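**Student:** One structure follows; several queries about it will come next.
The values are calculated or read from the model by the stated rules, or taken from the named source; none is laboratory data. None of the values given here were measured: they were computed from a predicted structure. As a convention, Cβ positions derive from the backbone with ideal geometry for all residues, glycine included, and neighbour counts pool all protein chains shown.
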Amino acid sequence: MSAEPASENPPAKTPPSNPENLIQKRTEELAVFGRWVAELIRNRNWFTLLLLAEVVLLAFCRPDGGVATALQGILTLPGWYANAFWFAVSVIPLAAVGVAVVTMPRSLPQQESEEAVKEHRAIKGLRPFTKEDAEIFRRLERQQDLQRCCEALESQSFRFGHLVGESGCGKTSFLQAGLVPLWQERGKRAVYVRFSNQNPLEAVQKAIVKQLSLTASPPVAPEPRALIGLLKHVMQENQTPLVLLFDQFEQFFVQAKSDAERKPFREVLEVWYAREDLHGIKILFSVRADLSYHLYEIEEWLNYAPSPLEVSRLRCFQPKEAARVLSVIAETEKLAFDRPFVERLMAEELGNRDNGLISPVDLQILASMLNRESVAELRGFNERTLQKLGGIEGLLRRYLEEVIASKTTARQREILVKVLLALTDMERQVRGEVLTIAQLQQKLKDTAKPREVYNATIWLARADVRLLSPVEQEGSQGYELAHERTIPALLQLSGTQLTEADKANRLLDKRVN
């Protein structure tokens, strides 16, 4: 039998790998593995390290050739080598479990866990208190305001009213953590709606459906009849009184500038106010004090002006009230507290230059900056701590630096500093004049683009930044520095964030002035 002819196309041989690429690949893999092991050792993760040792030992035991085969041959020899190996393989998993039992954090009982969570609810920084913080919020000097507001809402004649307060006085916290829980405790319903650039009709509908847990309701749509239909459905399903809390309602007028844009929401309010079957629904409009004149438009639409009892004014704290608020925060967060010193600090250092009142936001900034200290002895409201941290100016400097540093690029940080400096009276080191965005753009036209100035100004005035305060003047929106005490820190920061040309221009302006 003749041999078969050789194949005309023998299988191609795989080209040998490039030795240099192979070495590089293996080196990188070993580097990743080495960094991972080093991280385990540095973090003292003995549980994972023990299991790693187990995997390595078992890998040497595989009969797949090479070093593993040689080791396996050695381990099959009689003697203590094999016994020691198999003893280690058996004991290491048990040791890993033991380490895990000892080192892993034990879960707290339910009650203890809840207490631990509550301990961190007193310091919010620039975030508002929410419904979950109702217990701690009741201790923060707002009880009388809450009682007065609830009594007004319970009046038979109350259809709508206003909550007015300056920026930073805590209106959002007052509504979410104060009024909503108190109103619900009295057996009534409340829906909180925060107005923004979202369509107001949809925002109200979505909040009602979500917070009242409605399963079957009219579809959400940006039309007046959709919201009116939902309000009718809510009252037909449950006759329990309902209050709608419209927070940051000034945003409605900011976003809807023309009568045509405001007309759909106006129609809803007019129908709601006229229909008797919707009298069980009350509305509280919460607005910033400097924009409260917009509420006259609501009163004109409905041909009704709320009485003084239907207008709640939320003010900032007197120095002694602010000291009591800080004492509650210190007690809850387990911080040192020197009452005489804090009362003096509130009266002499932190109060507003015009009226001596203290914003809840300022208290939260102070508390959050103190609480961030890693050294235990520097976490407290006392003179020694504040001196070591550089006083109020030192804390505000740290806050200013953190805010500026949060921006990604050097150009963004530079524009922020320029806007802040443009609102500063450099000669007297006080707040400068209130400027609109257009005026700021004109003032910085040689060193910043209009869009850059606009973005920086809006960002600095955000509620979670609060380095600028919006001020309404003669029908236009202006801005000023939120804290004069940030000026020394701002001047220091300008030395690092501005270019040499900007520094020269500022020096020239100063000399000319």
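**Student:** Kindly list the number of the only condition in (1) aliphatic (A, V, I, L, M); (2) at pLDDT below 85; (3) assigned by TED's automatic domain parsing to the domain that holds L468 that fails for L389.
**Tutor:** (3)
**Student:** Next up: State the number of residues belonging to the range 399-417 that are in contact with a helix residue (DSSP H, G or I) (Cβ under 6 Å, 6 or more places away or on another chain) and surrounded by fewer than 20 Cβ atoms within 10 Å (Cβ to Cβ).
**Tutor:** 1
**Student:** Right, next: So V191 ticks every box in (1) closer than 30 Å to N352 by Cα; (2) of a type outside the set (D, E); (3) part of a strand (DSSP E or B) but one. Which box is left unticked?
**Tutor:** Failing condition for V191: (1).
**Student:** Read through the list (1) within 27 Å of Q318 (Cβ to Cβ); (2) in the same structural domain as A330 (by TED's automatic domain parsing); (3) at pLDDT below 85, then give the number of the only condition that A376 fails.
**Tutor:** (1)
**Student:** What pairs come out if I take residues in the range 240-253 that are without any contact (Cβ under 8 Å) to a residue 60 or more places away in the chain and among the hydroxyl-bearing types (S, T, Y) and pair them with residues that are assigned to a strand (DSSP E or B) and surrounded by fewer than 20 Cβ atoms within 10 Å (Cβ to Cβ) whose C-beta lies under 8 Å away, six or more apart or interchain?
**Tutor:** Close Cβ pairs (under 8 Å, with a partner that is assigned to a strand (DSSP E or B) and surrounded by fewer than 20 Cβ atoms within 10 Å (Cβ to Cβ)) amount to T240/R189.
**Student:** Would it be correct to say that A260 is surrounded by fewer than 17 Cβ atoms within 10 Å (Cβ to Cβ), of a type in the set (G, A, S) and assigned to a helix (DSSP H, G or I)?
**Tutor:** Values: surrounded by fewer than 17 Cβ atoms within 10 Å (Cβ to Cβ): yes; of a type in the set (G, A, S): yes; assigned to a helix (DSSP H, G or I): yes.
Considered against the rule, which asks whether it is surrounded by fewer than 17 Cβ atoms within 10 Å (Cβ to Cβ), of a type in the set (G, A, S) and assigned to a helix (DSSP H, G or I), A260 comes out as yes.
**Student:** So which residues in the range 308-336 are outside any helix (DSSP H, G or I), touching a strand residue (DSSP E or B) at 6+ places or on another chain (Cβ under 8 Å) and surrounded by fewer than 17 Cβ atoms within 10 Å (Cβ to Cβ)? Don't jump to the end; show me each part of the working.
**Tutor:** Step one: filter the range 308-336 for residues outside any helix (DSSP H, G or I), giving 311-318, 334-336.
Remaining after also requiring touching a strand residue (DSSP E or B) at 6+ places or on another chain (Cβ under 8 Å): 311-318, 335-336.
Result: V311, R313, R315, A336.
**Student:** Restricted to the range 232-257, and to residues that are in a helix (DSSP H, G or I) and either modelled with pLDDT of 95 or more or surrounded by fewer than 19 Cβ atoms within 10 Å (Cβ to Cβ) (or both), which residue is farthest from the chain's Cα centre (by Cα)?
**Tutor:** Initially, the range 232-257 is screened for residues in a helix (DSSP H, G or I), giving 232-237, 250-255.
From the residues that got through so far, the ones that are either modelled with pLDDT of 95 or more or surrounded by fewer than 19 Cβ atoms within 10 Å (Cβ to Cβ) (or both) too are 232-233, 235-237, 253-255.
Details: K232: 36, H233: 35, M235: 35, Q236: 38, E237: 36, F253: 25, V254: 23, Q255: 23 Å.
Only one residue tops the list, namely Q236.
**Student:** How many of the residues making up the range 445-485 are out of contact with any strand residue (DSSP E or B) (no Cβ under 8 Å at 6 or more places or on another chain), modelled with pLDDT under 80 and surrounded by 16 or more Cβ atoms within 10 Å (Cβ to Cβ)?
**Tutor:** Count: 3.
**Student:** Within the range 337-378, which residues are surrounded by fewer than 16 Cβ atoms within 10 Å (Cβ to Cβ), over 20 Å from R397 (Cα atoms) and in contact with a Cys (Cβ under 9 Å, 6 or more places away or on another chain)?
**Tutor:** N355
**Student:** Using the structure shown, decide if E321 is among the charged types (D, E, K, R), in contact with a helix residue (DSSP H, G or I) (Cβ under 6 Å, 6 or more places away or on another chain) and closer than 30 Å to K124 by Cβ. Spell out the reasoning first.
**Tutor:** Working: among the charged types (D, E, K, R): yes; in contact with a helix residue (DSSP H, G or I) (Cβ under 6 Å, 6 or more places away or on another chain): no; closer than 30 Å to K124 by Cβ: yes.
No: the conditions fail for E321.
**Student:** Which ones in the range 285-307 are of a type in the set (G, A, S) and in a helix (DSSP H, G or I)?
**Tutor:** Narrowing the range 285-307 to residues of a type in the set (G, A, S): 286, 289, 292, 305, 307.
A289, S292, listed by residue number.
**Student:** Next up: State all residues of the range 343-358 that are in contact with a helix residue (DSSP H, G or I) (Cβ under 7 Å, 6 or more places away or on another chain) and assigned to a helix (DSSP H, G or I); if no residue qualifies, say none.
**Tutor:** E343, M346, A347, E349, L350
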